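This report concerns only the one structure given below.
The values are calculated or read from the model by the stated rules, or taken from the named source; none is laboratory data. Please read these numbers as outputs of a predicted model, since none were measured by experiment. Quick reminder, even Gly has a Cβ in these numbers, built from the backbone with ideal geometry, and neighbours come from all protein chains shown. With ligands, DNA and RNA removed, areas are computed over all heavy atoms of the protein, side chains included. Shrake-Rupley method; radii C 1.70, N 1.55, O 1.52, S 1.80 Å.
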Amino acid sequence: MYGGMERENGQLSGELRREWYGTELPEPVRYGFRVVDGMLVYTASQRRAVKLHPTAQPGEFVEGLWEYDTAEFFVANAEGTRYMEFNLAPNGAWWACVFTEPRVRDLSVPPLPSVATRGGIAPDGAWECRAELPLAYLEAIGINPANCRLAAAAIQNSPDYLYLTTSSDLHGEPDFHRPWSWAPTSLV
């Protein structure tokens, strides 16, 4: 839920403990954001089994990852209008898209260059994943990393979905695309 993000040693991190309607998870999703050598590094992990998209291959771009279990983040310009969504499967498959307003894709934006992802799922189902993307790309699409809005999110338990987010706006049906409700922050 909203809040939870703490800054320590240059990293923003926290845990997603409750799903959209308030039910507490038996195991939280842990997440973190930090900047290393001009790259935004996002990590997520959990000690719980997940269901992967059937075509999810490590390091590959896969449309529709959100239909299965994913860790996600959203970063918007300071006004909360233009934003990017990034989905990361526990095995390192990924998907990203830029939006001009809630749920309106910006089809003029070039694909995300030089993204590096990895993931791993242990025999007991515990998983962790990581993505690195250039801060310069955020700037190129109109998002200032020094003055932006940020949300961590996750979708779990497909097909009986649980929606988790740091967003402050949890009214109505689950919808992560509410950039005005993401925490104002600086990534640098």
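Cβ contacts < 7 Å: first residue among the acidic types (Asp, Glu), restricted to segment 100-119; second residue open to solvent by 40 Å² or more (accessible area, probe 1.4 Å) and assigned to a strand (DSSP E or B), any location; separation 6+ or different chain. Result? What qualifies is 106/100. Taking the stated definitions as given, is residue 142 touching a residue at least 60 places away in the same chain (Cβ under 8 Å), in a loop (DSSP other than H, G, I, E, B) and under 19 Å from residue 88 (Cα atoms)? So residue 142 fails the test. Of the residues 82, 178, 118, 149, the single one that is in contact with a Ser or Thr (Cβ under 9 Å, 6 or more places away or on another chain), open to solvent by 30 Å² or more (accessible area, probe 1.4 Å) and under 23 Å from residue 13 (Cβ atoms) is 149. Filtering 88, 133, 138, 112 for residues that are under 17 Å from the mean Cα position of the chain (by Cα), crowded, with 18+ Cβ neighbours inside 10 Å and at pLDDT below 95 leaves a single hit, 112.
For segment 156-165, what are the residues that are crowded, with 22+ Cβ neighbours inside 10 Å and more than 10 Å from the chain's Cα centre (by Cα)? 156, 164, listed by residue number.
Residues that are part of a loop (DSSP other than H, G, I, E, B) and open to solvent by 50 Å² or more (accessible area, probe 1.4 Å) within segment 11-46 comprise 21, 23, 37, listed in sequence order.
Screening residue 98 with (1) of a type outside the set (D, E, K, R); (2) out of contact with any Lys or Arg (no Cβ under 9 Å at 6 or more places or on another chain); (3) at pLDDT 95 or above gives one miss only, at (2).
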